[in-house]
1. If you check Lys202 against the conditions, is it charged (D, E, K, R) and either touching a Pro at 6+ places or on another chain (Cβ under 9 Å) or within 19 Å of Lys99 (Cα to Cα) (or both)?
2. Let me confirm something: among Ala97, Ala32, which residue is more than 28 Å from Pro138 (Cβ to Cβ), of a type in the set (A, V, I, L, M, F, W, C), in a helix (DSSP H, G or I) and open to solvent by less than 60 Å² (accessible area, probe 1.4 Å)?
3. Mind telling me which of the residues Ser80, Ser154 ends up being in contact with a Pro (Cβ under 9 Å, 6 or more places away or on another chain) and either of a type in the set (Gly, Ala, Ser) or at pLDDT 90 or above (or both)?
4. Can you name the helices (runs of 4 or more DSSP H) wholly within the range 172-244 that have at least 3 residues being of a type in the set (S, T, N, Q) and open to solvent by 40 Å² or more (accessible area, probe 1.4 Å)?
5. Among the residues that make up the range 45-61, is at least one of them outside any helix (DSSP H, G or I), touching a helix residue (DSSP H, G or I) at 6+ places or on another chain (Cβ under 6 Å) and open to solvent by less than 70 Å² (accessible area, probe 1.4 Å)?
6. Just checking, how many residues over the range 131-152 are in a loop (DSSP other than H, G, I, E, B) and either within 22 Å of the chain's Cα centre (by Cα) or in contact (Cβ under 8 Å) with a residue 60 or more places away in the chain (or both)?
7. Checking Gly159 against (1) modelled with pLDDT under 90; (2) open to solvent by less than 60 Å² (accessible area, probe 1.4 Å), only one condition comes out false. Which one?
8. For Val128, state whether it is touching a residue at least 60 places away in the same chain (Cβ under 8 Å), assigned to a strand (DSSP E or B), farther than 30 Å from Val36 by Cβ and in contact with a helix residue (DSSP H, G or I) (Cβ under 8 Å, 6 or more places away or on another chain).
Amino acid sequence: RAFFDGHQKDAADMLLKLLEWLSQSPQGAEAARRLVMTAPQKMKEMTSLLGMESLKETVQFFNTNKQCNDEEFWQRELSSRTFLFSQVFSYPIIVIAQKAYVGGKELNNRGGGLVDFLAKVAATDSVVFIEIKTPQTPLLGSEYRRGVGAYPLSQQLNGAVAQVLRYRQSFAQNLNNIKGNQKISTAGAKCLVIAGDSEQLKRGPDATEKKDCFELQREHIRDVVVLTYDEMFSRVSQLIQLLEKGVSINAV
């Protein structure tokens, strides 16, 4: 213990090598079983610790990169953090594919749509269409009429909403041809758009009007959940707070 406390980097490197061995070696499964049987409470504590640090890293990642306006960057990074989508809906979501074809090709093989993430509800197999933009995507356009305080949703956000709805329609029309061996249902199909940062709405003397306009409009978009990046990552922050208060990670 004294050695590891004095050489934290070496301790972390050694733990990583052990975890890699457990996950890759043919003997790893048996070793993991023996560990759990020998010290079940210690294994539970380690799992909770690693889970907590993973959550904290996710929040730090967003705070570090929220100025990034590269959509491919967010596509790549969210693909390694797909548990975030389950935080949005409060029940487990399984990502089936990225840049998934959802139908719509013409006879000449042109056209067709690619949704950023195709997912499904774990318990019911109901399909979920997820379209992402970036945290820097504008949420609102310019004021519709000076002095009225009416701000429409931005062209980019409106476009993403229209696109994900079109993907859902195309997928339903071509379901039998494109679902392959996947067990998928279009009953209660859901659409999610992740875009922008709510900090945009808090700037300037018209901040109250902007927040009101955004909330009014997104709550009246039928069948599409519109969520900002900071709202999605804040749910992870709330989960961390619950865990730090002593709530079991399994219970959450």
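The values are calculated or read from the model by the stated rules, or taken from the named source; none is laboratory data. Everything quoted here is computed from the prediction, not taken from an experiment. Cβ placement follows ideal geometry from the backbone for every residue including glycine, while neighbour counts extend to all protein chains displayed. What goes into the accessible areas is simple: the full protein's heavy atoms, side chains included, and nothing from ligands, DNA or RNA. Shrake-Rupley method; radii C 1.70, N 1.55, O 1.52, S 1.80 Å.
1. Answer is no for this residue.
2. Sole residue among the options that is more than 28 Å from Pro138 (Cβ to Cβ), of a type in the set (A, V, I, L, M, F, W, C), in a helix (DSSP H, G or I) and open to solvent by less than 60 Å² (accessible area, probe 1.4 Å): Ala32.
3. Testing whether each residue is in contact with a Pro (Cβ under 9 Å, 6 or more places away or on another chain) and either of a type in the set (Gly, Ala, Ser) or at pLDDT 90 or above (or both) leaves just Ser154.
4. Fully inside the range 172-244 and qualifying: 229-244.
5. The answer is no; no qualifying residue exists.
6. 12
7. Condition (1) is where Gly159 drops out.
8. The answer is yes for Val128.
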